[in-house]
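What follows is calculated from the coordinates using simple rules that are stated; it is not laboratory data. Because the structure is predicted, anything quoted here is derived from the model rather than measured. Every residue, glycine as well, gets a Cβ built from its backbone with ideal geometry; the counts of neighbours run over all protein chains shown.
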Amino acid sequence: MRIIISACSVVRDPRATPKPLLQQSSWSSLWHLEAETSEAMSNGSAGSRPPDMTNPGRPRAQESFPEPPLMKAVFTHLSYGILILLGHVCDFLRKLGMKRDPYTEALKNEDLFKMNLDFEMFFTRNIYRRIRDCWNRPIASAPGAYTDLVDRVSDDCNWTFRYTGTKTNCLNLGSYNYLGFAENTGPCADAAYQSTLDYGAGTCSPARELGTLDVHKKLEALVARFVGKPAALVFGMGFATNSMNIPALMGKGCLIVSNELNHASIVTGAKLSGATVKVFKHNSVKSLEAILRRAVTDGQPRTHRPWRKILILVEGVYSMEGSLAPLPEIVQLKKKYKAYVYLDEAHSIGAMGPTGRGVCEYWGVDPADIDIMMGTFTKSFGAAGGYIAANQDVINYLRGASHSTTYAASVPAPVAQQIITSMTIIMGDDGTKEGEKRVAQLLDNSRYFRQRLTEMNFIVYGNEDSPVVPILLYEPGKVTSFSRELLKKKIAVVVVGFPATSIVEARARICLSASHTRDMLDYALKEINEVGDLLLLKK
Amino acid sequence: MQVMSATAITNPNASWLNTRGMWLGYLTSVAILHFILLSVPLFSTAMAWTLTHVVHNVGMYIMFHHMKGTPYPTGDQGDVRRLTNWEQIDNGHQYTPTRIFLTSVPIFLFFLASFYTFHDRAHVTVNLIALAVGVIPKFPALHKFRLYGINRY
């Protein structure tokens, strides 16, 4: 008996053994998957947290959204107060005729139809206009790791811009170029060029008329295989994929439960559908459950009939926050309350997960559990357009019922070819390790950048693994200076403020890319560090 | 600062007063106003307090109960263009913490002003009128109310 027990003790439970530290020598070791991990997850109860797929021994990646420090918030409010006061003074002087600028000159034109936009344009005229050189900067090259910004100056306080004729080559931290496919050389560009020679630039038709090419058939099959669903449908515009297909799927008598911070395309689609829309607090599973419980028990508003369908709309990665939707919990809820889930992977397809298959792979959720998976080709594939992947019968229905397939032109052949080539590379089907390398490089960049920024005491939002890194700036003056100072150092960043974000949470949103090397990131971090010291952005 | 918001929060006016630091920022602004008025050598302390109270309430009336709509284009296609800022707070829900705070500030200032003016009859009359201007428009019963069509459009 003792011999048997001692023999058994030699064979240890593999889950109990401490996992070795990852070596960075080979790319695949960064995403070290083990059989025990998937076994542990399938055995795990509904309430347990699935281990992080990237490192089985590591806990779930941290997400942090610290509240603004009180003094910074107060100063932000006072800054906006001063700006608004000055704006009113300027408007008053304009009315008296003591201040003349292009706005008053335009108002003098009697032929111009004067819409009463006086107050509604207050913010644009007095606040946004003063600093609008930080936005809408034209670029003159492919938006890769470096990009050429067209230089412009303003002689009249940003009412008009004058192009100096020169260009500045800047480090690009603002483009959604997650896997670095925004290149004008390489296999994707060559294939797209050949496709232009074969098919021309446009399809000249919606998909339901004469706009379905063999390239589209190939692309749809490839997308379905990439994402892990039986079938897929592709559309020419990412925004239109949401806004035109949600109305085809939902109608009157249906309920849409949508995240607070969902993108405008989802909100537009939900509004156009005619369904009842309820909003749950950002990533709050409690809020979602409360709404679902209420909806299922109360039914429709007056008749109390059961809802025809309940659809939960979430995004994989929220681009303004850098946060991830808690998919495992949402799938649990959807199964409990018999709802459907629509997952918008605009920013996460290609960018998350060990092989770039998106947040489903990242969380370890079975794609069959997500009823409708949507994504765009704009970010990780260097193309344009969107897709919807679902069961065969849903796709068959959408092919006929979608507004996009009926009225909007289909994906142009060169763009479809670009997607096919880039997706093939990501999947590794072209025989190289290029895709694996890019996905791993992106994760490495995201983690490194965020970690270094946190070490430098910047306030950074979001999930540790997400490629979107928002640095909080708070005051409107700092938002402007951050953008301008970094431009002087030849770094292009995107800054966002009120009203696109909350009034106290203005931020710089940095999008990392697989085409960024460690040196580029180190240079950017050095400059951001200096600007952070200059502007007192650190904790 | 893209002036168009791309989220489900179609009207930032409904929620910006709920943000962190608003209460302290608001009270700080009132304090700054008071110190500016105290610094003017013409005014006695009593006058400065009454003026703080009156200027604050008149400013609050103009900002919350006279100006309608939003100073930026919103994502709700102009649903709120006829509503004053007060009516837009929290999308019309009453008795929320923001509304209670903003109602109590004029009342608090009234008590302070009466105290520092030694309840002098003239000052109290002026302060009472200012209090009425500050508090009556905030009654929930007067939500979306327009007297004789003034300020309707």
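Rg and Dmax, both from the Cα atoms of segment A:170-223 and both in Å, are 14.6, 44.
Computed over segment A:310-372, the range of Cα coordinates on each principal axis works out to 30, 24, 17 Å, biggest value leading. Dipole magnitude for the protein assembly as shown: computed about the Cα centre from +1 point charges on Lys and Arg Cβ and -1 point charges on Asp and Glu Cβ, it is near 1740 debye. Starting from segment A:105-197, pick out the GluC sites (Glu not before Pro) whose DSSP state is loop and whose Cβ has at most 13 other Cβ atoms within 10 Å. Loop-located and lightly packed - A:GLU110. Amide H contacts under 5 Å for A:MET456: none, restricted to partners 5 or more places along the chain or on a different chain, H placed in the peptide plane at 1.01 Å from N.
Using a cut-off of 28 Å between Cα atoms, the listed pairs A:LYS490/A:LYS539; A:LYS433/A:LYS488; A:LYS95/A:LYS478 include A:LYS433/A:LYS488; A:LYS95/A:LYS478 as exceeding that distance. Note on B:LEU33/A:LYS309: beta-carbon distance plugged into 1/(1 + (r/R0)^6) with R0 of 60 Å gives a FRET efficiency of 0.65.
Most simply put, the protein assembly as shown has about 65% antiparallel DSSP beta bridges, counting only bridges with both residues inside it.
Principal semi-axes of the equivalent ellipsoid, √(5λ) from the alpha carbon gyration tensor of the protein assembly as shown, are 49, 31, 28 Å from largest down. Amide H to amide H distances under 5 Å link A:GLU315 with A:ASP344, where only residues 5 or more positions off or on other chains count and H is placed in the peptide plane. The stretch between A:TYR407 and A:ASP101 holds 105.8 nm of extra length on full extension. This uses 0.36 nm per residue minus the Cα-Cα distance.
Between amide H atoms placed 1.01 Å from N, distances below 5 Å from A:PHE280 occur with A:SER258, A:ASN259, A:GLU260, all of them 5 or more places distant or on a separate chain.
Phi-derived couplings, Karplus 6.51 cos²θ - 1.76 cosθ + 1.60 at θ = phi - 60°, listed residue by residue for segment B:76-92: 9, 6, x, 4, 9, 6, 9, 9, 6, 4, 4, 6, 7, 4, 6, 6, x Hz, with x used for Gly and Pro.
For peptide B:66-78, the mean count of partner chain Cβ atoms within 10 Å of a residue's Cβ comes to 4. Exceedance of the 31 Å cut-off in Cα-Cα distance is limited, within the set A:LYS309/B:LYS138; A:LYS281/A:LYS309; A:LYS252/B:LYS138; A:LYS336/A:LYS379; A:LYS271/A:LYS538, to A:LYS309/B:LYS138; A:LYS252/B:LYS138; A:LYS336/A:LYS379; A:LYS271/A:LYS538.
In plain terms, if you count all Cα to Cα distances in segment B:36-149 and split them into 10 Å steps from zero, the share in each step is 14, 38, 28, 16, 4, 0 percent. Measuring from a point 7 Å past the Cα of A:GLU455 along Cα-to-C-beta, which residues in segment A:511-539 have an amide N at less than 16 Å? Flagged as within label range: A:518-530.
Each Lys and Arg adds +1 at its Cβ and each Asp and Glu adds -1 at its Cβ; summed about the Cα centre, segment B:36-149 shows a dipole of about 220 debye.
Given R0 = 35 Å, the distance between the Cβ atoms of A:LYS437 and A:GLU67 translates into a calculated FRET efficiency of 0.35.
Spin-label pair A:ASP198-B:ARG146: with each label point 7 Å from Cα along the Cα-Cβ axis, the two points sit 6.4 nm from one another. Backbone N atoms of segment A:462-499 closer than 19 Å to the 7 Å Cα→Cβ label point of A:CYS157 belong to residues A:476-478, A:480-481. Centre-to-centre, using Cα atoms only, segment A:403-443 and segment A:135-152 are separated by 24 Å.
Taking chain B as a Gaussian network of alpha-carbon nodes connected by springs under 10 Å, the highest mean-square fluctuation of the residues B:LEU27, B:LEU38, B:LEU102 belongs to B:LEU27. Karplus-based coupling profile of segment A:236-247, in residue order and whole Hz: x, 9, x, 4, 5, 4, 6, 6, 9, 9, 4, x, with θ = phi - 60° in 6.51 cos²θ - 1.76 cosθ + 1.60 and x standing for Gly or Pro. If R0 equals 41 Å, the separation of the Cβ atoms of A:LYS167 and A:ILE84 corresponds to a calculated FRET efficiency of about 0.65. Residues of segment B:14-35 with an amide N closer than 15 Å to a point placed 7 Å from the Cα of B:MET67 along the Cα-to-Cβ direction: B:14-17.
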